[in-house]
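Single-structure report; data block below.
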Amino acid sequence: MADKSRRDLPPLACVIDGETDTRVLELHRIGDAHVMLCRNCYVRLLDVLRTKPTRIWEPPDELEKIGQALIAEADLFTRLAASHREFGQLLIDRVRRESPNDPDNRT
Ligand SMILES: [Zn+2]
């Protein structure tokens, strides 16, 4: 039974660049979401997060925390959008190269 549920799990991969080396994958909390990131993408995301607005209250009040979390999620989504666009285009290009319907592939 445990084997079946393990087989049903999606492969572990960084949601940004698709890295699958489990030695560098980590689950991170970004805003209200938990996402699998490799260390490289996490470090790059931290650089972006360091540029977010400076804290107003120490500790931050609830509205400030929500605002910071939304900005962190937006930064993650921006990176995900770029990554998904690139992967999607790679898939489309591959299908096009292999398609007999593509005029460039007709002999
Ligand atoms: Zn990554």
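Relative contact order of the chain: what whole-number percent is it, with Cα pairs under 8 angstrom and at least 6 residues apart? Mind showing how you got there, number by number?
On the way: 80 pairs, mean separation 22.2, N = 107.
Result for the chain is 21 percent.
Calculated mean residue ellipticity, 222 nm, the chain: -17500 deg cm²/dmol, from DSSP H runs (n ≥ 4) at -39500 (n - 2.57) each, averaged per residue and rounded to 500.
Please compute the volume of the convex hull spanned by the alpha-carbon atoms of the chain and report it per residue in Å³.
Enclosed volume per residue, from the Cα hull, is 183 Å³.
Panel order for Asp75, Asp17, Asp102, by other beta carbons found within 10 Å of each beta carbon, from fewest to most: Asp102, Asp17, Asp75. The length gained by stretching the chain between Asp32 and Arg85 to full extension, at 0.36 nm per residue less their Cα-Cα distance, is 16.7 nm.
Every number here is computed from the coordinates shown, using simple stated rules; none is lab data. Keep in mind the model is a prediction, meaning the values are calculated, not measured. Every residue, glycine among them, receives a Cβ derived from its backbone with ideal geometry; neighbour counts consider all protein chains shown.
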